[in-house]
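Asker: There's a structure below that I have some questions on.
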Amino acid sequence: MSLPSEDTLYPVSKESTIFSFSMEMRREEDLEENGVEQEGGKENGGLEEDVCGAENQEYGEGEDLLIISMKKTSISVVRGRGCNSGSPCQGCHGTGCTFNDVVIVSESSKVVLVSRGGGTFRQLKSLKTAIEHVPSHRYLKRLCSQRLFASPNPEEMTIYLYKSNSLLDRGMPVVLNFSNSNYFLKCCKEGEHVFLQVEMCEKKKLKKISMNDETTLSFLFYMRGDQTRQRRFESALHGGWFIQINTTNSVEMATMDGGMEEEQFLFVIQTSQK
């Protein structure tokens, strides 16, 4: 095997790092004359130029947020894996190598892409049904226009299903309407108090709902369930708050980390698509 010539360059090691630099090429003497800091790589008094700002805005980059939630997670740093020149591996060709890795192990994980830049929901179809609470066998019912309570007698509701232009992992976007009326369920918040109420709204205003419009977004819920007909309804505006019926048969919003069993948030729907 012939040895490489002296003017041949080949890699001998590798290292992971983060660089911050300008896309403009300059001579070293020009940097010294202008007094530009070579260590920090910043000019104009330390202000960084956002050279990709216009492009990112055009293509929507930086607007969405990727959230990864992990349950019972352990993080380990594995150092010093690799070989040396005495017992090389096939990857380094005798130069020796070392890998330092971070290993994350969790019992379960969930990845959610949250739209932060004007996602919209468009109405697709509707389902007519009575919504029955699983543990209490009571139904969502409207009383005196804007009052809501749990009744042993069913009342027909219309569930409007929506399609989003963003990737969502929180369930099917829906709006809950009392059939043959302009009354809808709405999740509201006053101070730290999150609650559910019935409010009148023109149906045409809810044909398209924007993530940036809290007025209409408060009518939107994420409906999620398994292969059974049992569903949970989470507020789209106030994430983590779900519709539930408490022990006094009051319909309210509550979080699942409040010590209540998951069954308290489950409802059954019998669909009749329209």
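Asker: Is at least one residue of region 176-191 among the basic types (Lys, Arg), touching a strand residue (DSSP E or B) at 6+ places or on another chain (Cβ under 9 Å), in contact (Cβ under 8 Å) with a residue 40 or more places away in the chain and over 23 Å from Leu127 (Cβ atoms)? Walk me through how you get there before you give the answer.
Answerer: Taking region 176-191 as the starting set, the residues that turn out to be among the basic types (Lys, Arg) are 186, 189.
In the following step, the residues that additionally are touching a strand residue (DSSP E or B) at 6+ places or on another chain (Cβ under 9 Å) were identified as 186, 189.
In the following step, the residues that additionally are in contact (Cβ under 8 Å) with a residue 40 or more places away in the chain were identified as 189.
Applying the additional criterion that residues be over 23 Å from Leu127 (Cβ atoms) yields 189.
Yes, region 176-191 contains a residue that is among the basic types (Lys, Arg), touching a strand residue (DSSP E or B) at 6+ places or on another chain (Cβ under 9 Å), in contact (Cβ under 8 Å) with a residue 40 or more places away in the chain and over 23 Å from Leu127 (Cβ atoms).
Asker: In region 213-254, what count of residues is obtained for those that are crowded, with 16+ Cβ neighbours inside 10 Å and among the hydroxyl-bearing types (Ser, Thr, Tyr)?
Answerer: Of the residues in that region, 4 qualify.
Asker: Of everything in region 121-173, what is among the polar types (S, T, N, Q) and out of contact with any Phe, Trp or Tyr (no Cβ under 6 Å at 6 or more places or on another chain)? Give them in sequence order.
Answerer: The answer is Thr129, Ser136, Ser145, Gln146, Asn153, Thr158, Asn165, Ser166.
Asker: Here is a further query. For region 199-229, enumerate the residues that are under 17 Å from the mean Cα position of the chain (by Cα) and touching a residue at least 40 places away in the same chain (Cβ under 8 Å).
Answerer: Once the filter is applied, which keeps residues that are under 17 Å from the mean Cα position of the chain (by Cα) and touching a residue at least 40 places away in the same chain (Cβ under 8 Å), region 199-229 yields Ser210, Met211, Asn212, Leu220, Phe221, Tyr222, Met223, Arg224.
Asker: Oh, and also: From the list Ser126, Ser181, pick out the single residue that is of a type in the set (Gly, Ala, Ser) and at pLDDT 90 or above. Quick ask: steps written out before the conclusion?
Answerer: Numbers: Ser126 fails: at pLDDT 90 or above.
On inspection, the qualifying residue turns out to be Ser181.
Asker: So, of the residues in region 163-175 that are over 17 Å from Lys125 (Cα atoms) and aliphatic (A, V, I, L, M), which turns out to be modelled with the lowest pLDDT?
Answerer: In this case the residue turns out to be Leu167.
The values are calculated or read from the model by the stated rules, or taken from the named source; none is laboratory data. Every value quoted in this text rests on a predicted model; they were computed, and no experiment measured them. Glycine also receives a Cβ, built like all others from the backbone with ideal geometry; neighbour counts cover every protein chain displayed.
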